[in-house]
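Peer 1: Take this structure first; my questions come after.
Throughout, read-outs are computed from the coordinates displayed, never taken from laboratory work. As the structure is a prediction and not an experimental result, all values here were calculated from the model. Heads up, the Cβs are rebuilt from the backbone with ideal geometry, glycines too, and the neighbour counts pull from every protein chain shown.
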């Protein structure tokens, strides 16, 4: 199962459709005093000393709506707040401002391949993973053989995860995370792991889930995915939504912005009298 | 291809949520905390068994240190107290063992709880689940160690057969009160350690001081003969407010007996145990409130 034919998703009449995800004026604030590994000794000085607030808004004023049957791509430069947005939609981070309203079971394939506990065997990890995802016991046990087969771990399934290669861990993590069929699917750079064979296999799998899910939000740097599988896209820069609309248009705008940023950086470097060849990326 | 389960088949994960900025009141936070644990009992069970599996705690050999450690510690105090300070107390090994065992249970549980949230940083950033299950399962898996620690206690009682009494049946009751108290502390240290990574260092010293201030190696009645307590009777009242004063006195009563005057095992003080139980429930409520209040920041800080 290498090549999968995927039809263009049909355009969606947004009005009148029930939403799966809705955010209103969403903001996420990080208190920088606590984001570093703090210690009592250091914090005492910080807290008692100048009460200077060091806040950083990772997201600000984000209002968006994803209706059932829609798949939304989130693109933007590194550090723009894309992953934070997914964490909010998954319910992992609560908003510091605004509202997020999610209707349906959410499953997030945020960073894959971590596994759950490196001291435990693959089999125990599957059970634990099922419990974390909230699967019923008998469901996990029923899924067990197929997960084991898909992850293709052979006899390693009964040895602790710490003996696995990173590829094996990625396969197991992926197999566990995709063993549920959610209403709302959140994907964060999922296709970046594994070898070529597994990437093919996992891509097919993701497409299958995307088709089954009622709503999808996808974070990626792979623009061909955006234009191929998404019917709407937003561009996030510095925590704000700067564009929303047709995937092709948003991707084009992102490309233009990236070029501009590159040019600006080069110009700044030149102005500073530095050798541009050193600064220029790639 | 994996046949996958429809996620709507899950019973433990809510099918919708709405998060708004702003703070919840203490009562709604505590109520939410109770729902968190009740709805995810199975996750607690899995985490607990996984933890025991990892440590080999489901076998006797894996628990060998739960058997040896209290015995060796008892030996140290025995040498220190009876030889160096030259005090003779009949049946002293049993007396101190009755306190060392529950204390080891407490410190081990609190220590595990302190790292329970921090060590799961990766998961917390990937999956939304109620983080309260982490300290709960840390404390729960400590119960098994304590149960294995009862084996050397039984062994020791063979040498003090005259002290075996029906009052030993109160052990589970006293242990239950200690368990409830430990949970409350566990919530506080688990949440605190996320923001202050050196909490473990502080905790070690606090716990050591706590141990020596608690009547584990001595009995409360012994203090009456000390000059400072005769001059300031209020000091003793303060010492008796210590939860472990209540617990150790109760363990001593049912395992060892009374010291002043020396006597066989008796009823534990059920009133003070009852008060401690109620206070512990309030401590759990407070711990839950603090934990839930800080929980939204875990994913950002870890």
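Peer 1: Working from Cα positions, state the angle (0 to 90°, nearest 10) between the long axis of helix B:171-195 and the longest principal axis of chain B.
Peer 2: Rounded to the nearest ten degrees, it is 50.
Peer 1: Ignoring everything except DSSP H segments at least 4 long, calculate the 222 nm mean residue ellipticity for chain B; use -39,500 (n - 2.57) per segment, divide by total residues, nearest 500.
Peer 2: That calculation yields -22000 deg cm²/dmol at 222 nm.
Peer 1: Hey, another quick one. Running a GNM on chain B with Cα contacts under 10 Å, which residue among B:273, B:94, B:213 ends up with the highest mean-square fluctuation?
Peer 2: Highest fluctuation among the options: B:213.
Peer 1: Please give the average number of partner chain Cβ atoms lying within 10 Å of the Cβ of each residue in A:180-187, rounded to a whole number.
Peer 2: The per-residue average across the peptide is 4.
Peer 1: Something else now. Averaged over its residues, how many other protein chain Cβ atoms are within 10 Å of peptide A:141-149's Cβ atoms?
Peer 2: Partner-chain Cβ atoms within 10 Å, mean over residues of A:141-149: 2.
Peer 1: Also: If one computes P(r) from the Cα atoms of segment B:59-301, what percent of pairs lie at distances over 25 Å?
Peer 2: Roughly 46 percent, rounded to a whole number.
Peer 1: So, one more: Per residue of A:123-135, what is the mean number of Cβ atoms on other protein chains within 10 angstrom of that residue's Cβ?
Peer 2: Per-residue shielding by partner chains comes out at 6.
Peer 1: Right, something else. Counting DSSP beta bridges in the protein assembly as shown, what percent are antiparallel, to the nearest 5?
Peer 2: 55
Peer 1: Working from Cα positions, state the angle (0 to 90°, nearest 10) between the long axis of helix B:92-116 and the longest principal axis of chain B.
Peer 2: Result, in degrees: 20.
Peer 1: Taking 8 Å as the Cα distance limit and 6 or more residues as the minimum spacing, I'd like the relative contact order of segment B:59-301 as a percentage.
Peer 2: For segment B:59-301, the relative contact order is 27 percent.
Peer 1: Counting only C-alpha contacts under 8 Å and six or more residues apart, can you give the relative contact order of segment B:76-145 as a whole percent?
Peer 2: 32
Peer 1: Please state, rounded to one decimal and in Å, the Kirkwood hydrodynamic radius that the protein assembly as shown gives when every pair of distinct Cα atoms enters the mean of 1/r.
Peer 2: Every distinct Cα pair counted, the radius reaches 27.3 Å.
Peer 1: Which ordering of B:78, A:186 is given by a fewest-first count of other beta-carbon atoms within 10 Å?
Peer 2: In order of increasing Cβ crowding within 10 Å: B:78, A:186.
Peer 1: Compute the angle between helix B:41-55 and the longest alpha-carbon principal axis of chain B, please, reported from 0 to 90 degrees and rounded to the nearest 10.
Peer 2: 60
Peer 1: Cα centroid distance between segment A:193-223 and segment B:150-221, in Å?
Peer 2: Distance between centres, Cα-based: 51 Å.
Peer 1: Hey, another quick one. So which residue, out of B:231, B:250, B:114, gets the largest mean-square fluctuation from a GNM of chain B using Cα contacts under 10 Å as springs?
Peer 2: B:231
Peer 1: Taking the number of other C-beta atoms within 10 Å as the exposure measure, put B:223, B:199 in order starting with the fewest.
Peer 2: Ordered by Cβ neighbours within 10 Å, fewest first: B:223, B:199.
Peer 1: Arrange the following residues from fewest to most other Cβ atoms within 10 Å of their Cβ: A:120, A:32.
Peer 2: A:32, A:120
Peer 1: Then there is this: In Å³ and rounded to a whole number, note down the convex hull volume per residue for the Cα atoms of segment B:73-211.
Peer 2: Cα convex hull per residue, to the nearest whole number: 119 Å³.
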